[in-house]
Structures are given as structure tokens and as C-alpha cells.
Amino acid sequence: MLKSLISGETVYPASMVIPNINKTVCISGHRKNKITPYMCNTAYSQITYSAVKLMLYRYIDMAVECGYEIFISGLAGGTDLWAAEYVIEKKKRNSRITLISMMPFLRHAEFFSSYDKKMLAEIEKNSDYLVTVNENPDIMYGKSVYENCSPVLYRNRNYCMVDKSSAVIAFYDNKSSFSGTSQTINYAYRNGRKIYSFDMNDVFRVIDIAGTNIRRIGQEILFIKNVFDAPQ
């Protein structure tokens, strides 16, 4: 039996989880260090992070409003963890919501900050399903030819999330053409999945309108028109 190195929770093979694809959304997005602050001014870093989170939450809310019930997080730092935290909060008010937390390999969090590890542990404990795409407890990401090293671990996780979903929520900067998020979106597009994305320009436009007051930013985001199609 596999156990998480972060939370000690049982980890199951991703192949064991077969969700209702039509009602499942996977979430992908950039890490915190890839987020450009408003006006390229580091003084606005925190307000920018908060605005990104609120935009992400709005997209999750829109999906729920249209009937999506199952959310898959890839458990990377930044967008993935923020989304998982929010889905857990929504689960408290809606028992039909399910969180699948999908790690690429068991040792994926070895280089996380202590803060992200703490967040990850809580997410793992509150997930409905904690799964991994690769069951080898010793494998690590890398391009080395040595045993227990693979360059495709994150790609396989990204593809698996898409395969089990009918739609993707993405926080995506199309300038990052070699990112994991672009890989996920491209695979989703090739496989006919619906893609609902926002980028930094969308976030900056909200801040332009609302100013740097987080309450006003939240109000502006709250009234964004629902772009989701109802699941079939």
C-alpha cells in the first residue's frame, strides 16, 4: 500500500479512479513565481496573487453552477493547490462536489517550500481520492538515463487529468509555450475537451477597473458572465 510522504495518507493508482467524465473538470495553471505583478511593480505582488486566486475561484464557481461536480488537481504549487483548497471549502457546502488529487509521482513535493508542504498535507487529508500516476516509490523527475529517473512524469500526470475530464480550467499565459499548462491545454484541444481559460491580461483588466482594493476586485470578478456550457 502506497503512502504519501507528506501527509501519510493512502495513495491509490490513478487507473483505479474512473469518474463521470462529463461532469469532471481538471485544473491547470502557473506556479506563483510565474505570476507577473500588476504594473510589473513588486509592491503589487500580493494584490495580484489575490486577484488571480479570486479569478480562479470564480471559474470553479461557474463550473459548479453549470453542473460540474468532480474536480481534478495536479497538486503543483500555485494554481493547483489554490484550486484544491477552494474545492475543499465548496465541498463543505455541497456534498456532491468531489476532489481528486493527482500527484505525478510520490516524491514530487520534495522541493516544495515548507508552506506549500503544509498546504499540500491538508489538501491530501481532505481529498476524496488521492492518486498517483506512477506507483514507483523511488522514481524522480529527470532526463538521466539512470534507473528510477524519468522525463515524462509530469506529462503523464497532465495527460491523465485530461483523459479523465471533459473540460479544463486553466490559468494560462500563452507566452509560456513550453509550460506544463500549455502542454495540458494542447493535449486537451487535440482530444476535443472544452477549455476555459484566463490569463494575466484578464486579471490586470479587473485591477484597472477596480483599483487595488481587494474587496472591489472581488466584486468585479463576481459579476463576470458564466462562460461554461452545461455538461452533457
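The values are calculated or read from the model by the stated rules, or taken from the named source; none is laboratory data. Model, not experiment: these values are computed from the prediction. All Cβ positions, even for glycine, are placed from backbone atoms using ideal geometry, and neighbour counts span all protein chains on display.
Numbers at a glance
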{"quantity": "In region 78-109, residue surrounded by the fewest Cβ atoms within 10 Å (Cβ to Cβ) [restricted to those that are free of Cβ contacts under 8 Å to residues at least 24 places away in the same chain and not polar (S, T, N, Q)]", "calculated": "R93"}
{"quantity": "Answer residue from region 139-167, given it is part of a loop (DSSP other than H, G, I, E, B) and in contact (Cβ under 8 Å) with a residue 12 or more places away in the chain and is nearest to P231 (Cα to Cα) among those", "calculated": "S166"}
{"quantity": "Filter result (crowded, with 19+ Cβ neighbours inside 10 Å and out of contact with any helix residue (DSSP H, G or I) (no Cβ under 8 Å at 6 or more places or on another chain)) within region 24-48", "calculated": "T24"}
{"quantity": "Matching residues in region 151-163 - criterion: being surrounded by 21 or more Cβ atoms within 10 Å (Cβ to Cβ) and over 13 Å from the mean Cα position of the chain (by Cα)", "calculated": "L153, C160"}
{"quantity": "Filter result for V64 (under 25 Å from Y196 (Cα atoms), at pLDDT 95 or above, touching a Phe, Trp or Tyr at 6+ places or on another chain (Cβ under 8 Å) and not basic (K, R))", "calculated": "no"}
{"quantity": "So A51, is it modelled with pLDDT of 95 or more, under 19 Å from E85 (Cβ atoms) and either surrounded by 20 or more Cβ atoms within 10 Å (Cβ to Cβ) or hydroxyl-bearing (S, T, Y) (or both)", "calculated": "yes"}
{"quantity": "Criterion violated by S127 - all others in (1) assigned to a helix (DSSP H, G or I); (2) in contact (Cβ under 8 Å) with a residue 40 or more places away in the chain; (3) of a type outside the set (K, R) satisfied", "calculated": "(1)"}
{"quantity": "Residue match in region 115-123 (condition: of a type in the set (D, E, K, R), in a loop (DSSP other than H, G, I, E, B) and either touching a strand residue (DSSP E or B) at 6+ places or on another chain (Cβ under 9 Å) or modelled with pLDDT of 95 or more (or both))", "calculated": "no"}
{"quantity": "Test result for E69, of a type in the set (D, E), under 20 Å from C160 (Cα atoms) and modelled with pLDDT of 95 or more", "calculated": "yes"}
{"quantity": "Yes/no for T184 being part of a loop (DSSP other than H, G, I, E, B) and in contact (Cβ under 8 Å) with a residue 12 or more places away in the chain", "calculated": "no"}
{"quantity": "Counted residues, region 187-223 - those being touching a residue at least 24 places away in the same chain (Cβ under 8 Å), within 15 Å of C160 (Cα to Cα) and not in a helix (DSSP H, G or I)", "calculated": "2"}
